[in-house]
Structure formats: structure tokens, C-alpha cells
1. Based only on Cα atoms, what mean projected area does the convex hull of the stretch 279-383 have, in nm²?
2. Could you give the Stokes-Einstein D for the stretch 310-458 in µm² per second, using the C-alpha Kirkwood radius, 25 °C, 0.890 mPa s?
3. Of Thr386, Val452, Phe431, which is farthest along the charge dipole of the stretch 375-457 in the positive direction, counting Lys and Arg as +1 and Asp and Glu as -1 at C-beta?
4. Nothing charged except the Cβ atoms of Lys and Arg (+1) and of Asp and Glu (-1): what's the magnitude of the dipole of the stretch 136-246 about its Cα centre? Round to the nearest 20 debye.
5. Taking the highest mean first, how do the peptides 195-205, 309-319 order by number of other beta carbon atoms within 10 angstrom per residue?
6. I'd like the Karplus ³J(HN,Hα) series for the stretch 372-381: coefficients 6.51, -1.76, 1.60, θ = phi - 60°, whole numbers in Hz, and an x wherever there's a Gly or Pro.
7. Tell me the Kirkwood radius of the stretch 396-457: reciprocal of the mean inverse pair distance over distinct alpha-carbon atoms, in Å.
8. Roughly how many debye, to the nearest 20, is the charge dipole of the stretch 24-155 about its Cα centre, given +1 on each Lys and Arg Cβ, -1 on each Asp and Glu Cβ, and no other charges?
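Taken together, the values in this text are just the output of simple stated rules run on the coordinates, not laboratory data. Being a predicted model, the structure only gives us computed values, none of them experimental. Every residue, glycine as well, gets a Cβ built from its backbone with ideal geometry; the counts of neighbours run over all protein chains shown.
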Amino acid sequence: MEADAVDSTFDRSQLRDPSLLREDLFIGGAWTPGSAGRRTDVVDPATGAVIARMADATDADVRRGIEAAEAAAPAWGTTTAIERARVMRRWYDLIVANADDLAAILTAEQGKPLAEARGEILYGAGFVEWYAEECKRTYGEVIPTNVAGRRLLTLRQPVGVSAAITPWNFPSAMILRKAGPALAAGCPMIIKPAEETPLSATALAELGARAGVPDGVLSVVAGPPATIGEILTSHPGVRALSFTGSTEVGKLLMAQSARTVKKVALELGGNAPLIVFDDADLDAAVAGAMASKFRNAGQTCVCANRVIVQSGIHDAFVQRFRTAIEELTVGNGFEDGSEQGPLISEAAVEKVQRHIGDAVAGGATVVSGGGRHPLGRTFFEPTLLTGVRPGMLVAREETFGPVAAVIEFSTEDEAIAMANDTPFGLASYFFTTDLGRMWRVGEALEFGVVGVNTGLISYEGAPFGGMKESGVGREGSRHGIDEFTELKYLCVDGL
Ligand code: NAD
């Protein structure tokens, strides 16, 4: 199905509060155009329209951001947990109160349907709310002593200034997932958003300032990634780096951070398997595959990249999956009823086409879609491929687009081996009604997150993160704050 022709151009005057759309850098509590006065266009991927001209940070601007954070760190780090929680709670309330405007800004710069954008804002806000509470519970411990007259204690203290480098696919939630625990732990954070989507970052910073986040505790520096990344990773004043993005850039930043031995958390690429066993509930499996595969036009790190289906249920599953895929409505994210927006760029479309071409050349069948959508630009048809084999590009690499690649298998052992046969280990899913299989497969999958009978697994109270080349560290839950705290051991003698 098609939505109406793409003519919904974003106009900032439609925002209830147009002052949320900020095109300057936010450094040390002040908005600044950047010392070189250079700007980069921010483009609506659905229309190609330039919606803003974002300031580029220079080396000097980034250094000022770090210095402002260093200056703010002692006071923020020693503010009582109750006071930090209050500031964060106000930030959460403002994000929720402005969710419609934040969603419109997100859709304008990223393309996802407005309802999905709103869902992302609320999901991200959940991290601020959750960590506002958790900050009161960053307990230390008293360890039973080994020597008379001695006491052993641990304290969990802020690691210091932190930096976040975030991707374009979840421009709001990936920031809040990092800033929530960082601020709760008592760490200032300097955010470098993706060049495609800086406006979600600056809008969040504006709301943070209104909530009373002190100057220098939250800064946003957009601009040339390699230059900014080099400064953030080499500066000894930055003690922790939290990165979400590609494995390639993650490895580079990890190596760069080694020079000053920073604490590093990396949320990188995935190659998620979604296994459907013969005993699965077909409705649940199709719904889960749709949710996991086509959310954000297939541009998520937890998207099912390989749909691995057992022979006995294969044909029935494919038939139902096809029907659901063909019912998806592709259109501008601002159009009512739109379920799949454009891809982020022409390069993204080319990658999707390369993967489909390689699969077809290897013998796979295009059951549905397979090409550019009639809406043009970077809109792409929701696509279903069958007869995919593990060696094909579409099964080996993250396609990051609306392409479901179905691979057939016979036995449970074969499915597990196939699922684990990847250097990645972020999300995985399987569908079964057999309790024994639930345990066996759940334990055997080498992935940081395993969804059983569901395609939606994200929640701020649960730990999210990858194994193998999908990353190190966890976001969300009580474990997420560990990335921003040091565990200090106090050994007190002479008592
Ligand atoms: P990317 O790695 O190209 O970019 C991510 C961020 O890194 C952007 O802000 C970018 O400007 C910056 N960057 C790029 N080169 C840099 C450099 N040399 N130094 C410093 N910063 C640099 O990734 P992308 O294409 O924007 O995002 C898609 C990738 O992100 C996918 O692989 C996806 O799986 C991954 N991702 C992972 C998660 C997760 O939680 N694991 C979540 C979302 C996206």
C-alpha cells in the first residue's frame, strides 16, 4: 500500500515551542555558533528539504566543552543523590511534556513515522526517569574484615567527565540511554550526535537546561566526526566514553581511547537471528518478525537480520509473513498511517540493493518487494527473500534496511550453530512453545539479549548490550550505571 504523495514538508513554525529547534552548539551552558562559523545542512530524508543549518564545532569548541565539564564535575559529582534525582525528574517531565515537538523534530531529521518517533522519545525518557531513581541506590558495601581493628568499605564514585558519540537511527533514545546513567552517577557528559541528526540532541540539551542541569554538565558538540572523536578520545580529562554505532568506528574509538586508558562502553552492530521452530505459535512468530524486522525501516541494531525457519512451518510462516509485509504502508513519516519511512541516505539504499542482488545471484527468491519504492528518493519496498543461505551477504552483514531474509533449517542444533555463526552477538530471538527448548536455546545463543516469543525486547530496567564484536558494557538497569562509576576500596586500619 502507498500513503499519499510526499508533500508534507516540515516547518518549524508547526512546533508548539519552536525555540526547541536549536542549530547552535551547547557548550558550558551557553548556545554558540562555533568559533569558525561553519555549518552543515540537516536534511529531511523524506523530501530532501534542508530543515536546519547546524553549527560545526572546531577543536577549540570541543576543548571548551571538555573544560566546562571538568569545571562542573566536582560540584555535580558531590551534589546529593536526592538533588540530582530532582533535576533529572524535572528533565524527564519536560521531555514528556514536549514529546510531540521532540517527535516532530526527530521525524523531520531522521524520517521514521511520527508514532514511532514519539515512542522513541518516551522510551528514551524512561531512562532519565529510571536513573533518577537509581541514583539514590548507588550503594557501596561493608566487607567483613580480615584483620582485627580494620574495616573494609567500598564506595561507588563518579568516573568523571564522560563523552557520548551516538548514531542517527535512534537520535534521541541513544543519547538518553547514556545521559541518564551518566548524570545519575554524577558525571558531566559531552554529546557528539550523528551529523545527520543533531537537532534531537540540541532539543534535549535545551530541555536539560530548563530543568536545571548545571552549566557544563551537559554539552552538545556537533561537527566533523573524526576530528571531534580524536579530541574526545585523546583528552586525559575525559574519563569515560560511551559509543553507539558501527563496529568499525567502535574499534577505532576503543583503540584511540587506549592511549589514556578510558572506561569504554560500546554498543555496536548486530546480525540478529530470529528462529522460528516448528512448534512456534505462528501468530506470535509473524508479529514478532514484523516488529523486529521492519521497525525504523529495518535500521536498528537489533533488527532480525536472518529469519531462520524450521522446515515444517516454513511455508505457512512465509505465506503469513508475506501478507503482513505487503500490508505495510510506506510513506513520509508525517503522513497519517505511514508505517515505514525513507532510509537515511542513498548509501543506505545502495547497500540494501547490493545485498538483494547478491542473494538473488546466489539463488534466493524475491517473494515481495525487492526494489526502490515508487515514492522515490530513499524510500524502499518492504522486501521478503526466501531461499537465503548463510554465506550470502544479506545473512553475513547487517543489511540495515527493510529486507527480511528467510533461511530454512531442519534441526535445533543446526539452527543454534547457524545463529551463532557470526562475529556479532547483540540481539537474537526465537519462537517456540516447548519449555525445554526455551532453556536449551536460550542458554546456547551467544548474544547479549535473547527475545523468546517476542520481537520487542528494549526496556530501561533491563540490561542491553552485546557479546563478541557487538560491544562491551551494558546500558539500562542497575548494571548501566557501572559504566560511569569507579568502585573504590577503602581499607581503614587502627580502629
Ligand atoms: P557510525 O559508526 O558510522 O556512526 C555512529 C557515530 O559515530 C556518529 O555520531 C558518527 O558521526 C560517529 N563517527 C563516525 N566516524 C567517527 C570517527 N572516526 N570518530 C568519532 N566518531 C565517529 O554508525 P551509523 O551508521 O551512524 O549507525 C549505524 C550503526 O550503529 C549500525 O551498525 C548499528 O547496528 C549501530 N547501532 C548499534 C546500537 C546498539 O545499541 N548496539 C544502536 C543503534 C545503532
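1. Working: hull surface 28.3 nm².
Projected over every direction and averaged, the Cα hull of the stretch 279-383 covers 7.1 nm².
2. Values: Rh = 16.7 Å.
In µm²/s, the coefficient rounds to 147.
3. Projecting each Cα onto the dipole axis, the largest value belongs to Thr386.
4. Details: 10 positive and 6 negative charges, 136 e Å.
For the stretch 136-246, the charge dipole is close to 660 debye.
5. Details: 195-205: 25.9, 309-319: 17.1.
My ranking of the peptides, most packed first, is 195-205, 309-319.
6. Taking θ as phi minus 60°, the curve returns 4, 7, x, 5, x, 6, 9, 6, 10, 5 Hz for the stretch 372-381.
7. Details: mean 1/r = 0.0791 Å⁻¹.
Final number for the Kirkwood radius of the stretch 396-457 is 12.6 Å.
8. Numbers: 15 positive and 19 negative charges, 127 e Å.
Value, rounded to 20: 620 debye.
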